[in-house]
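Each remark here refers to the structure printed beneath this line.
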Amino acid sequence: MNKILYPCDICNNEEFILFKEKKGFFGDVTSIVTCSNCSLTFLNPRVNKTIETLYEHRKFKPLQGKNKNSRLNLFAFGMSLLKSHVTKGTILDVAMNDGTFLNTLSSSDWNRYGIEDSKLAYEYCSDKFDFKSFHTNVHECNFPNNFFDVISLWDVLNRSPLPSRNITSMNRLLKEDGYFLVSFEAPTRVLFRGVNHYFTPFTFNKLLTREGYKSVEFYYIEDTGDEIYHKQKVNLNENNLKESKIGHYIAIFQKIKN
Ligand SMILES: [Zn+2]
């Protein structure tokens, strides 16, 4: 059994049940384990590579074709959910990749900021787009406290080795009653893509609730690349890892005022 890199990120438990073994993103054999207490499922050991290393491995390339269409559909669906809560303000896209998401937002409604760990991706965005882009991450960025109305994280938290740490850093940046717009993939889509956490709606909600957020929207969608053909409101007690090659969860969480 490999050494556990960290205790469970939700409940700090250190006892796990083997879920399955798999070949990791970097060719290593690793296991996926489930926390015996809260049922969070994650890689053991977790991949602790920076996004820069991931891009060096796979080369940064702007999205195109069906991949780009699929992201555009996901972004549009996310924004349609957000619309009933907030329609304009200051937004931060974390790990903005090639900037496609921020570029879809109207600059008259949204004051747009993007951060990216990858220098190549950051340079691409700052050359191409007029939104504000920064080569940094949520821990090191120096935006003022309570600055953003919305922080978006497209398939970011499930890749992080310690999502709770990311959320803690973002807490400072988000206004009281601000929103997280988040997505993560259904598990089998991502077995070989450096994902650390295999969230279910139940475990994802548990993580965010513990950090002081409440779920206001939570959906499961499937798309063909060209269109979303299945949308389903999610039950937050749903705790089976939904095996799907094409499924995405998308959710909005609001910060609870303290
Ligand atoms: Zn746990």
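Things to note:
- Residue pairs whose Cβ atoms lie under 7 Å apart, separated by 6 or more positions or on different chains, with the first residue in the range 11-31 and under 22 Å from Phe204 (Cβ atoms) and modelled with pLDDT of 90 or more and the second among the polar types (S, T, N, Q) and not in a strand (DSSP E or B), are Cys11/Asn37; Asn13/Ser36; Asn13/Asn37; Glu15/Ser36; Phe16/Ser36; Ile17/Ser36.
- All positions within the range 229-251 that are crowded, with 16+ Cβ neighbours inside 10 Å, part of a strand (DSSP E or B) and out of contact with any Gly (no Cβ under 8 Å at 6 or more places or on another chain): Gly247, His248, Tyr249, Ala251
- Scanning the range 119-165 for residues that are assigned to a helix (DSSP H, G or I) and crowded, with 20+ Cβ neighbours inside 10 Å returns Ala121, Tyr122, Tyr124, Cys125, Pro163.
- Considered as a group, the residues in the range 237-258 that are of a type in the set (A, V, I, L, M) and at pLDDT 95 or above include one that is farthest from Arg210 (Cα to Cα), and that residue is Ile250.
- Screening the candidates Thr188, Thr168 for the property of being farther than 26 Å from Lys257 by Cα and either at pLDDT below 95 or assigned to a helix (DSSP H, G or I) (or both) yields one hit, Thr188.
- If the condition is being among the small types (Gly, Ala, Ser) and in contact (Cβ under 8 Å) with a residue 60 or more places away in the chain, then the range 127-181 contributes Ser152, Ser164, Gly178.
- Among the candidates Tyr6, Tyr55, the residue that is at pLDDT below 85 and either aliphatic (A, V, I, L, M) or more than 14 Å from the ligand (Cβ to nearest atom) (or both) is uniquely Tyr55.
- Condition check for Lys175: touching a helix residue (DSSP H, G or I) at 6+ places or on another chain (Cβ under 9 Å), at pLDDT 95 or above, surrounded by fewer than 19 Cβ atoms within 10 Å (Cβ to Cβ) and not in a loop (DSSP other than H, G, I, E, B): no
- Filtering the range 191-212 to residues that are modelled with pLDDT under 90 and β-branched (Val, Ile, Thr) leaves only Val195.
- Qualifying residue in the range 209-216 (condition: in contact with a Phe, Trp or Tyr (Cβ under 7 Å, 6 or more places away or on another chain) and either assigned to a loop (DSSP other than H, G, I, E, B) or charged (D, E, K, R) (or both)): yes
- In the set (1) surrounded by 22 or more Cβ atoms within 10 Å (Cβ to Cβ); (2) part of a loop (DSSP other than H, G, I, E, B), Thr87 fails one condition alone, (1).
The values are calculated or read from the model by the stated rules, or taken from the named source; none is laboratory data. Everything numeric here is computed off the predicted structure, so don't read it as measured data. Positions of Cβ are backbone-derived with ideal geometry, glycine not excepted, and every protein chain shown enters the neighbour counts.
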